[in-house]
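A short worksheet on the structure shown next.
The values are calculated or read from the model by the stated rules, or taken from the named source; none is laboratory data. Worth saying up front: this structure is predicted, and the values here are computed from it rather than measured. Neighbour counts are summed over all protein chains in view; Cβ atoms, including those assigned to glycine, are modelled from backbone coordinates with ideal geometry. The area values use the complete protein model at the heavy-atom level, side chains included, leaving out ligands, DNA and RNA. Shrake-Rupley method; radii C 1.70, N 1.55, O 1.52, S 1.80 Å.
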Amino acid sequence: MAKEISKSLDIVRRDGEVLSPCFRSPYYPFAVHSGSGALLFDADGNTYIDFSASAGVLNTGMCHPAVVEAVCAQTREMIGYTIGYMYEESAVELAEMLCRIVPGDFTKSVAYGLSGSDAMDGAIKFARKYTGRSHVLSFLTAYHGTTYGAISASAISLNMHRGIGPLLPDLHYFPYPECPRCPWEQSPELCALECLEELQRALRLHLPPEEVAAVLFEPIAGDAGLVVPPIRYVQALKELCQTHGILFVSDEVQQGMGRTGTWTALEHFGVQADIVALGKALASGLPLSALVMRKEIGDSLEHPGHCFTLAGNSVCCRAALATIRIIEEERLLERSRQTGLWIQNRLGEMKRDFPELGETRGLGLSIGQDFLHPGTDIPDRNGCAKICYRCWERGLILTFLGENTLRIQPPLVLSEEQAQSGLDILADSIRDYRAGRIGDEVLEFAKGWS
Ligand code: PMP
């Protein structure tokens, strides 16, 4: 475990001197240098298995040869020329492809951006413009990004709202369906969807439904701890939207592009969205986001209502086209489902030896593993932090979310052997923690999400 990390530590020190802390949740001093597939190498040459995929970005793994080739070939010919003024084939080809892979038995159109955050801002703008309504429904624990619209629609951390107001008006937050921690103590099969009732009551009592433009929904509440909602809830929410002409926006920034074993996570719930927001994994690590929506919604906003000079950049679009091709050719949707199931089963087996492991949940390779004080339901946040730190020391990149959820979102190309090695490292790290071999000093660094 005592490995050479002097170069990494130097980068961390210099980073602290010149970079604002505004965007980082620190876990451990990992200074990434390079990688291949599901393996990463740090600045000192140490090797790691990647269970994080750059926060759900590297679905095709680090530096997939076909992505690298597409990027290099495009870069040699043209890095980019704004589609704000001119026309360019890669942007058209990708839009055609996105209209094909995103579900929806209607004609679609695409609007590009650079990040998941701007996509969610765009979703709010399109929904308001198209419907002529201003109110937007979101959820407690939602994370939609940090541009003004997206940060206003988020409700997961006071740090996001404190001191930057006024935020976007007419946003409303309702309980996300969290079956394992159901405040009504119901079981998923028998409940009367009490969590939806709060939203319905608002529409009956003080929020005229004909003035509501959209509901912004994460098909898995990602940053809240990878909470999977019950199918019944999502279908009822969609029905409510249809009844009142409210647009259903699926925020697929974290769960889309095959992460859960389907192109979009909403497919698991048998409903279709009016607007789908994609980002993160879309271009395998290059900055690109896309809204894929009903054509009439896409046509409602005029130039320059959602226009970024660099959006739809050719290199990014070529990377995205290569990403889609890889996912299809290497059958990564299937692999995500298979490897995800395999990991969930292995975690289930590990629970015999590790009573600290609480609920396991997820779809495909989007898996949350709760970590508890053994024999209780009490979240062990410090335990999560220490274990992630020790995993890094032992050669596994793992992070945690929410109070106490280990976030397992590896590249979809992860092999079974790599998955096994990663889980072995996790098991060894839990043993270290249990034996008191991970000192409190790591908590100075390992702060995680706040
Ligand atoms: N929506 C969801 C569901 C996300 O998980 C994120 C990023 N964590 C975003 C939006 C924002 O994306 P970005 O960080 O690329 O702006």
Cβ crowding within 10 Å averaged over residues, with 110-120, 237-247, 57-67, 434-444 ranked highest first: 110-120, 57-67, 237-247, 434-444
Share of Cα-Cα pairs in the range 203-280 beyond 13 Å, in percent? 66 percent
Determine the shape class of the range 146-270: with a ≥ b ≥ c the square roots of the Cα gyration tensor eigenvalues, call it rounded for a/c under 1.5, and otherwise prolate if a/b is greater than b/c, oblate otherwise. rounded
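Which percent, nearest 5, of DSSP beta bridges in the chain are antiparallel? Write down the numbers at each step before the final one.
Values: 32 of 49 bridges.
Of those bridges, close to 65 percent are antiparallel.
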Do any trypsin sites (Lys or Arg not before Pro) in the range 1-101 lie in a loop, going by DSSP, with at most 11 other beta-carbon atoms within 10 Å of their beta carbon, and if so which? 24
Separation of the range 185-199 and the range 60-90 by C-alpha centroid, Å? 47 Å
With a/c under 1.5 counting as rounded, go ahead and sort the range 199-330 into rounded, prolate or oblate using the C-alpha gyration tensor (a ≥ b ≥ c being the square roots of the eigenvalues; past the cut-off, prolate if a/b is larger than b/c, else oblate). oblate
In what sequence, highest mean first, do 263-273, 313-323 appear when ranked by Cβ atoms within 10 angstrom? 313-323, 263-273
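Rg/Rh for the range 148-216 to two decimals, with Rh computed the Kirkwood way over all alpha-carbon pairs.
We get a ratio of 1.03 for the range 148-216.
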Accessible area of the range 187-242 with a 1.4 Å probe: how many percent of it is carbon plus sulfur? 53 percent
Centroid-to-centroid separation of the range 291-316 and the range 211-238 [C-alpha atoms, Å]: 24 Å
Could you compute the net charge surrounding residue 104? Neighbours are other residues with a C-beta less than 15 Å from the C-beta of residue 104; K and R count +1, D and E count -1. -1
The chain: relative contact order as a whole-number percent, Cα under 8 Å and 6+ apart: 23 percent
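Where Lys and Arg each count +1 and Asp and Glu each count -1, what net charge lies around residue 151 among other residues with Cβ under 14 Å from its Cβ? Don't skip to the answer; put the middle values down first.
Details: positive: 162; negative: 118, 121, 223, 251.
That sum, taken over residues with Cβ under 14 Å, equals -3.
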Whole number please: convex hull volume per residue of the Cα set in the chain, in Å³? 149 Å³
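Over the chain, give the accessible area per residue in Å² for a 1.4 Å probe, as an integer.
Working: 19290 Å² over 450 residues.
With all protein chains present, the chain gives 43 Å² per residue.
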Checked against a 30 Å limit on the C-alpha separation, the offending pairs among 7/386; 351/386; 125/447; 125/386 are 125/447; 125/386
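By the scheme Lys and Arg +1, Asp and Glu -1, what is the net charge of all other residues having a beta-carbon under 14 Å from that of residue 254? Don't jump to the answer; show the numbers that get you there.
Numbers: positive: 259, 280, 407; negative: 218, 223, 251, 252.
Net local charge, residue 254 excluded: -1.
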